[in-house]
Every structure is written in C-alpha cells, then in structure tokens.
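A short write-up of the structure that comes next.
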Amino acid sequence: MVNQNDIIAKTVEYVRSELANAEGGHDWWHIHRVRVNALKIAQEEDCNPFIVELAALLHDIADSKFHSGNEDIGPTKARDFLEANDLPEDVIQHIVQIIRNVSFKGGHVTQSFESIELAVVQDADRLDAIGAIGVARAFNYGGHKGRLLYHPDIKPVLNMDKETYKRSTAPTINHFYEKLLLLKDRMNTETGRRLAEERHRFMEHFLEQFYTEWNGI
Ligand code: ADP
Ligand code: NI
C-alpha cells in the first residue's frame, strides 16, 4: 500500500475539487469539520484512525440529495478513487460500507452494517448537523431549495419513511423536529453524546427565541 499520509493528501485534493461548487452546508468545509471531529472522537475509541479519516473525507463525495436520489454514485466514486490509489480491498470495502450507512434519511432505515469506525464518522457527521453550525446549515439548505423559514399551520411530521423524508418540502423549522432535535439521543459514542448536549441546548434556545420574535415581542 502507498504511504498513508500521501493517500490522505490526495484524498483531500480530490474531495476539495469534487465539492468545489457544492451548497454551503455540504461543501468542503462540512467535510473538514466532520474530519476534525471524527479524529477527535477517534482518540477516545479503540478504532482505526486511517479508516475514520478516509471515510470522513469521502462520506459526502456525491450526496444522493444532489444526484436525483441516486445512492450508488457516492460509494461508486469512492471505490473508484480508492482502487486507483491501490488501497487494499478490505479497506476499500469498509470505507464504502461507512459511506452507504452514515446517513440519517428520516431515521427509520435499519443499518445494514456496523463498525466502530462507522459509529465515529456518523457521530461527527451528526454533530455538524446540530448546534450553531446545524442552524446555519439547515437554513442554507432551505434557502438553496427555496423553502419557507416557518409556517405556523404546517406541522412537523415525525416517523416519516425514507422516501417521504426525502420528498419533504416543508419549512426549515420543521427539520429541527423531524431530524435535528432527535440526533442527541442517537449518538453512538460517549464523546459524541457529550459534545451533542451543548449543541442541542443551543438549538432549543434558538427555537424559543425564534418563536418569541415571530410573535412580535
Ligand atoms: P443525511 O446527510 O444524514 O442524509 P440529511 O439528508 O437530512 O441527512 O441532510 C444533511 C444536512 O442537510 C442536515 O443536517 C441539514 O443541515 C440539511 N438538510 C437536509 N434536509 C433538510 C431540510 N429538509 N431542511 C433543512 N435542512 C436540511
Ligand atoms: Ni455529511
């Protein structure tokens, strides 16, 4: 196998160029934050940090949301890239499984694969969906999709199946109830849970303030 530092550097270069025109919440800087948090969490877990770092870097290489719902493009692109760089098949398979299973998609899909490295990357990706960054990303995505900020008569829908979740065009505030506020209780690792607490409280505070201002006080 080629030198691990070289592979990481090449992956960074590849991901940055692939995501050059990505929406602000799913761009290189999302990947950067997930990578940093994943490596931080990895220090507290008995896991392979090389797999964690590569999977974090490649986890949104082609998000199905931005590719007409196609869930194979991301894993296929990642596999092609890793094969071209002569990584061993077991490492490639593991990273591809992480990419396939990291996403939330309404929270009602049974995960078909488990590993500590997936748990770590998933926690880092979930942390980036909550807190101040989570608020910013949600409204950026809503704006990108032309969604309303909030509508008092359109209520959040819990327990959506994967297809309904993907099709939803609800106001961005609903996304807090449909996903963001649920993440704290779905963290996999102790470190992830601890980091999620403060970010969760921040979102609750944000929502309180939002309704106060909405109602004209
Ligand atoms: P995953 O990447 O786990 O599949 P999502 O598809 O929900 O999860 O998208 C990841 C991020 O994109 C969310 O954390 C949020 O910032 C943004 N996002 C996705 N769907 C919505 C939505 N309906 N409203 C607002 N933001 C969204
Ligand atoms: Ni992500």
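Rule-based calculations on the coordinates, nothing more; no lab input. The structure displayed is predicted, hence computed values, not measured ones. Here Cβ is always computed from backbone atoms with ideal geometry, including for glycine, and neighbour counts include all displayed protein chains.
Just a few scattered comments:
- Here the dipole of region 4-214 is about 780 debye; that uses its Cα centre as origin and unit charges on the Cβ of Lys and Arg (positive) and Asp and Glu (negative).
- Close lysine pairs were tallied over the chain: pairs 8 or more places apart or on different chains with Cα atoms under 14 Å apart number 11.
- Shown here is the pair-distance distribution of the chain: with all Cα-Cα distances grouped in 10 Å bins from zero up to the longest one, the shares run 8, 33, 37, 17, 5, 1, 0 percent.
- With the cut-off at under 17 Å, measuring from each backbone N in region 54-77 to a point 7 Å along the Cα-to-Cβ line of Leu39 picks out 54-59.
- Base-10 log of normalised Debye intensity for region 26-104 (one unit scatterer per alpha-carbon) at q = 0.14, 0.18, 0.23, 0.25 Å⁻¹: -0.44, -0.73, -1.13, -1.26
- Pairs of Cα atoms farther than 17 Å apart, region 144-217, %: 54 percent
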